[in-house]
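We did not get these values from a lab; they are worked out from the coordinates using the rules stated. What you are looking at is a predicted structure, and each value in this text was computed from that prediction instead of being measured. Neighbour counts are summed over all protein chains in view; Cβ atoms, including those assigned to glycine, are modelled from backbone coordinates with ideal geometry.
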Amino acid sequence: MGRILAIDYGRKRSGLAVTDPLKICANGLPTVRTCDLIEFLKEYCERESVEKFIVGEPKDLQGNPSESMKYITPFLNRLKKEFPLIPVIMVDERFTSTIAHREMISAGFKKKDRQEKGRADEMAAVLILTSFLESRFFS
C-alpha cells in the first residue's frame, strides 16, 4: 500500500504533500525548486511507496483550463514518462493559494512567516490532497 503524493506545480517552486500510509490525512513536504522536482520525486519514490500522484489543475472562474496549464502540461508529460506505473490524477486547484494564506492568518502565522513563499505552496499542496481525499470519502 503506497502513499498518495500531491503536487502544487509552480514555475519556480512546487509545493508537495503526502498522505500517511493509511491515506487518512495529508501532510506537507518541503517545497522544492521546480527545476529539481523530478529528481526529488525519484529520490522520494525510492524511499517510500507512492501509489498515485495528484497534481493541481489550474482553472479559471468558469472552470476552463487557465493560462498556466501551458507550463504544467510539459511537466505532466515528463512525470508520466519518468513514472509510467504511477497514475496521475488532476484535481481542481482554484483558490488553494488564497485559502492557504487565509489559513496561515487564522493559524497565527506572523506576517514574516506568511511571506515565505514556500510555506504557502506547501499548504496549497496539502489543500489539494485534502480535497482529493475528501472527494473519495464523501462522494
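Here the peptides 61-69, 3-11, 28-36, 43-51 are ranked by packing, the mean other Cβ count within 10 Å, and the order with the highest first is 3-11, 28-36, 43-51, 61-69. Model label sites at CYS35 and ASP20, defined 7 Å from Cα along the beta-carbon direction, differ in position by 3.8 nm.
The calculated FRET efficiency for ILE89 paired with ASN64, based on their beta-carbon distance and R0 = 22 Å, is about 0.70.
Net length available on complete extension from THR73 to GLU48 is 6.5 nm, with 0.36 nm assigned per residue and the Cα-Cα distance removed.
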